[in-house]
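See below for the structure under consideration.
The values are calculated or read from the model by the stated rules, or taken from the named source; none is laboratory data. Not measured: the values here are computed from a predicted model. Reconstructed Cβ throughout: ideal geometry from the backbone, glycine too, with neighbour counts over all protein chains shown.
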Amino acid sequence: MRKIIGIGETILDILFKGGIASTSVPGGSTFNSMISLGRMGIPSCFVSEIGDDVVGSIVRTFLSTNGVDDSYLTEYPECKSPISLAFLDDHNNATYSFYKDPFGSRTDWQCPPIQRDDIILFGSYYALDPRMRYKVTALLDEARSAGAIIYYDVNFRRNHQGEAIKLMGTVIENLEYADIVRGSDEDFSVLYGIGEGAKVYSQKTAFYCPRLIYSRGAQGVELHSPTVTKHYAIEPIIPVSTIGAGDNLNAGILYGIIKHRIRRDDLDYLTERDWDTIIHCGLRFSADTCMHTDNYISLPFAEKERS
């Protein structure tokens, strides 16, 4: 049976509204996607690091409770698991402050077994961090050899803008690994200073990866590929929180690929109708996530989608 493997950071998000802490939820970009996929019943596992503390225990328990294999978490004694403070504005968009101990390199970590047409999800600063690069490249090299689908979520935050030039070589290497790239208008504006999807695709990503999914928040999603270029509008909603919206766009897209039995060898031949099905699945996941303060699809939504 095909599975999805995610690699990224774990973090406990503490949400503030009007300066008051309202709730806390385990998170992290890839983590959020994996929780949603686990709730959809997709065989899933997550590669990451946690501290030997209460927060780490919360993260591990949350993964397993939601059907995600936690066997590939590396636990660091005497380290604190990361937390973030997420401050929601009047439009329920978030800005973040992060607090974390640095995790070191560990040679005793295990790479999950990967089979042909499994899917690897990676991205964010974790995919660029020199301290974690050894894990990322080991997993991606194994995935490439096995014939898995590699999905790269750029997710380049503004707080790393000053490192963009230094990290550009690693970004390009990630684009070369990828079969599908997904990024937001904000990501590419910060990274390249370009705010148009067609230009990002033609000037920055197409040479390395032939498929770009370019998200524009409330303005919808663009698909750029050699055979299909299309804009997808979204239904207007009043969001409770936009935390996890992009992460669950990813989760829905990957669920659509698995559900509709799309293999790596099929990617070059996907029709407009195929892409419509995949992208709309992602948009449904993203919209549901915006309607509550969790970072993932709700359990009632998951049950309805699975029925």
Query - Where a residue in segment 268-282 is without any contact (Cβ under 8 Å) to a residue 40 or more places away in the chain and its partner, wherever it lies, is of a type in the set (Gly, Ala, Ser), with Cβ under 8 Å and at least six apart - result: Thr277/Gly256; Ile278/Gly256; Cys281/Gly252; Cys281/Gly256
Requested in this report: Check whether at least one residue in segment 220-231 is closer than 27 Å to Asp294 by Cβ, assigned to a helix (DSSP H, G or I), at pLDDT 95 or above and within 17 Å of the chain's Cα centre (by Cα), and report yes or no.
Outcome: no
Requested in this report: Kindly state which strands (runs of 3 or more DSSP E) lie completely within segment 1-116 and contain at least 3 residues that are charged (D, E, K, R) and in contact with a helix residue (DSSP H, G or I) (Cβ under 7 Å, 6 or more places away or on another chain).
Outcome: none
Query raised in the report: Somewhere in segment 240-250, is a residue within 19 Å of Gly183 (Cα to Cα), among the charged types (D, E, K, R) and either within 14 Å of the chain's Cα centre (by Cα) or assigned to a loop (DSSP other than H, G, I, E, B) (or both)?
Result: yes
Report task. Considering only residues that are in contact (Cβ under 8 Å) with a residue 40 or more places away in the chain and assigned to a helix (DSSP H, G or I), look in segment 253-267 and name the one that is farthest from Arg116 (Cα to Cα). Result -> Ile253
Query raised in the report: Do we find a residue being touching a Lys or Arg at 6+ places or on another chain (Cβ under 9 Å) and at pLDDT 95 or above anywhere in segment 137-146?
Result: yes
Report task. Go through (1) more than 21 Å from Met168 (Cβ to Cβ); (2) buried (at least 17 other Cβ atoms within 10 Å of the Cβ); (3) of a type outside the set (Gly, Ala, Ser) and name the single condition Pro236 misses. Result -> (2)
Query raised in the report: Restricted to segment 250-261, and to residues that are touching a Leu at 6+ places or on another chain (Cβ under 7 Å) and aliphatic (A, V, I, L, M), which residue is farthest from Met291 (Cα to Cα)?
Result: Leu254
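For (1) within 29 Å of Arg2 (Cβ to Cβ); (2) surrounded by fewer than 20 Cβ atoms within 10 Å (Cβ to Cβ); (3) out of contact with any helix residue (DSSP H, G or I) (no Cβ under 6 Å at 6 or more places or on another chain), each residue gets a yes or a no:
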site	(1), (2), (3)
Ser145	yes, yes, yes
Arg158	no, yes, no
Gln161	no, yes, no
Ile165	no, yes, yes
Met168	no, yes, yes
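This table checks each residue for (1) out of contact with any strand residue (DSSP E or B) (no Cβ under 9 Å at 6 or more places or on another chain); (2) closer than 16 Å to Val25 by Cβ.
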| site | (1), (2) |
| --- | --- |
| Lys230 | no, no |
| Ile234 | no, no |
| Ile237 | yes, no |
| Asn248 | yes, yes |
| Ile258 | no, no |
| Asp266 | yes, no |
| Leu270 | yes, no |
| His280 | no, no |
| Lys304 | yes, no |
Report task. Could you list all residues from segment 97-115 that are more than 19 Å from Glu49 (Cα to Cα) and surrounded by 14 or more Cβ atoms within 10 Å (Cβ to Cβ)? Result -> Ile114
